[in-house]
Amino acid sequence: MRGKFITLEGMDGAGKSSHIAAILETLQDKGVEVVATREPGGTSLGERLRELLLHEAMHAETETLLMFAARREHIAQVIAPALARGAWVVSDRFTDASFAYQCGGRGVDQTKMEQLEHWVQQGLQPDLTLLFDVPVEVSVARLAAARTPDKFERESAEFFHKIREGYLSRAKAHPTRFRIIDGNRPLETVRAEVIALLQALA
Ligand code: TYD
């Protein structure tokens, strides 16, 4: 039986990284093989592209194309084979991030993005997407207190407002696969909700 494909999304500073270990543990407790991966990245080529994407200035469409080049490799080498052998795949970000950051944040044309999505994914979509959502002020304050920021984390609050809107409109367009998690609560409360959501998955 095909495994399930779960993606984690949210603005930088929304807190998704704090829950990855608990997410993997909850799924492993179900007795399934779990593959943890991330985007951009997930393959050796993808990780090299990630270095460029996170640190090099470039045209917004170049950024988009490189995201999808990394994604094509990621699907071919990691995601599709894992799902086919029945493993569950948990990816820290996937295509919803391209809609939020490149379309929402940078203004890349949505139709072009949909064409890339169709071309690269050939119908593959996550079964479940957990969107960690916090007000922009919370995300910006968390980032200011954190480690050295990458290219995206150095963007303005205005950019983050567009990212958040991009994510929320994507969630509205795909209500069955998205779960919006209010990340502006104590860590333990958020974690309990995330675990309950995953335990309910067949
Ligand atoms: P992130 O997932 O936040 O990793 P870390 O927790 O190590 O900082 O970093 C990835 C960055 O890449 C994030 O700022 C969002 C951005 N990104 C896009 O702009 N488009 C995409 O399609 C993806 C997958 C990521």
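In region 85-136, how many are farther than 30 Å from Gly31 by Cβ, open to solvent by less than 20 Å² (accessible area, probe 1.4 Å) and away from the ligand (no atom under 13 Å from the Cβ)?
Count: 2.
Given Leu24, Leu54, Leu49, which one is within 29 Å of Asp182 (Cα to Cα) and within 13 Å of the ligand (Cβ to nearest atom)?
Residue meeting the stated conditions: Leu54.
Find the residue count for region 5-56, including only residues that are among the polar types (S, T, N, Q), closer than 25 Å to Phe152 by Cα and either in contact (Cβ under 8 Å) with a residue 60 or more places away in the chain or in contact with a Cys (Cβ under 6 Å, 6 or more places away or on another chain) (or both).
Total meeting the criteria: 3.
Those residues that are over 17 Å from Thr7 (Cα atoms) and either open to solvent by 80 Å² or more (accessible area, probe 1.4 Å) or not small (Gly, Ala, Ser) (or both), I need them from region 28-47; list them, please.
Within region 28-47, Asp29, Lys30, Ser44, Leu45, Glu47 qualify.
Looking at Arg154, Arg147, Arg164, which is the one that is modelled with pLDDT of 95 or more, within 14 Å of the ligand (Cβ to nearest atom) and among the basic types (Lys, Arg)?
Going through Arg154, Arg147, Arg164 in turn, just one is modelled with pLDDT of 95 or more, within 14 Å of the ligand (Cβ to nearest atom) and among the basic types (Lys, Arg): Arg164.
Please determine, by comparing only the residues of region 139-154 that are within 19 Å of the chain's Cα centre (by Cα) and among the hydrophobic types (A, V, I, L, M, F, W, C), which one is least open to solvent (accessible area, probe 1.4 Å).
Phe152
The values are calculated or read from the model by the stated rules, or taken from the named source; none is laboratory data. Remember, it's a predicted structure, so these values are computed and weren't measured experimentally. Every residue, glycine among them, receives a Cβ derived from its backbone with ideal geometry; neighbour counts consider all protein chains shown. The protein model used for the area step is the full one, side chains on, heavy atoms only, and it has no ligands, DNA or RNA in it. Shrake-Rupley method; radii C 1.70, N 1.55, O 1.52, S 1.80 Å.
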